[in-house]
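Here's the structure we're looking at; comments come further down.
Derivation of every value follows stated rules applied to the coordinates shown; laboratory data play no part. Just so it is clear, the model here is predicted, and its values are computed rather than measured. Positions of Cβ are backbone-derived with ideal geometry, glycine not excepted, and every protein chain shown enters the neighbour counts.
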Amino acid sequence: MIKAFNRWSTDGIRVDDQGLQRYINLEPKLVPKTGARYAGKRFHKSKVFIVERLINKIMVSGHKGKKHFKSSGNNTGKSVTAYNQVEKVLDMIEKRLKKNPIEVFVKAIENAAPREEIIAIEYGGARYPKAVECAPQRRIDLALRYITQGAYHKSFNAKKAFVSTLTDEIVNAYSMSPTSNAIAKKNETERQADSSR
C-alpha cells in the first residue's frame, strides 16, 4: 500500500465538508510532484494530491497587497526545498498532536476555507460591495494561500523558522484558533460579507 512520503497513510481520512469532498484529493504519492503535467487544464488541479498543492503554494505563495517580498527568501522555485520543508512540518505536527498529520492538514483546510466573499458591483457610477458564495475550488485555493502567507508573515524578520511557523499555522487552523492567519482572514471575510448582504 502506498503511503504519502512513504510514512503516512491516507486511509480512513474523511472530508466532512460536502462541498469540498470532490476537490480535496487524498490519493497518496511517495513523491508528490507531478511537474505541472496538468497545467492549463481547467479544474485539473483538484485531481492533484492535496499535499502537493501545499508544496506548490510554498514555492509560489502569491501576492499580498501587490508585494512578494515577505516570501522572497523561500520562493526560489526549488521543489526539493519545499518538499523537505513540508515533510518536516508534517513530522512536527505528528510529534505535537500524536495524530496523522495529513488528517490534521485536511481538517485545517476545511476550517480555513471561506464560504462567502465580497465582490464590488458598479451601479450608476457608484461602487458597492455584494456578498457572493465562494466556489469550492476557490475555497481551497484561498485556504492554502492564507495558511502559507500567514506562515511567511510570521517568519519574516523573525527568529522563528518558516517550518515552525507553518506548523503553528496548520495546528492553529486545525483547532480553529483565532491566532491562525487563515482563520482570522476567513472570519473577517465572512463578517464583511454578512454585513453587505
**Request:** Distance between Cα centroids, region 70-90 to region 1-62: provide it in whole Å.
**Result:** 16
**Message:** Strictly over 26 Å apart at the Cα level, which of Lys3/Lys98; Lys45/Lys159; Lys70/Lys186; Lys64/Lys95 would you flag in this model?
**Reply:** Lys45/Lys159; Lys64/Lys95
**Request:** Under 1.5 on a/c is rounded, so check that first for region 116-158, then, if it is not, pick prolate when a/b is larger than b/c and oblate when it is not; a ≥ b ≥ c are the square roots of the alpha carbon gyration tensor eigenvalues.
**Result:** oblate
**Complete:** Among His153, Pro178, Asn84, the residue whose Cα sits farthest towards the positive end of the charge dipole of region 18-195, when +1 is placed on the Cβ of each Lys and Arg and -1 on the Cβ of each Asp and Glu, is Asn84
**Request:** Report, in deg cm²/dmol and to the nearest 500, the calculated mean residue ellipticity at 222 nm for the chain, where each DSSP H run with n ≥ 4 adds -39500 (n - 2.57) and the sum is divided by the residue count.
**Result:** -15000 deg cm²/dmol
**Asked** What is the chain's relative contact order, in percent, from Cα pairs under 8 angstrom and six or more apart in sequence?
**Response** 21
**Complete:** About its Cα centre, the chain carries a charge dipole, from +1 on Lys and Arg Cβ atoms and -1 on Asp and Glu Cβ atoms, whose size in debye to the nearest 20 is 600
**Complete:** For Thr179, the net charge from surrounding residues (Cβ-Cβ under 12 Å; K, R +1; D, E -1) works out to -1
**Message:** Quick one: 3J(HN,Hα) in Hz for region 163-177, Karplus 6.51/-1.76/1.60 with θ = phi - 60°, rounded, Gly and Pro as x.
**Reply:** 4, 6, 5, 5, 4, 4, 4, 5, 5, 5, 5, 5, 8, 6, 7
**Message:** Ranking request for peptides 166-175, 153-162: highest mean number of other beta-carbon atoms within 10 Å first, then the rest in descending order.
**Reply:** 166-175, 153-162
**Complete:** Which of (1) 17.5; (2) 19.9; (3) 19.2 gives Kirkwood radius over Cα pairs in Å as computed here? It is (1)
**Residues with amide H under 5 Å from that of Trp8, placed H, sequence gap 5 or more** = none
**Sequence-distant residues sharing a close amide H with Glu116 (under 5 Å, placed H)** = Cys134
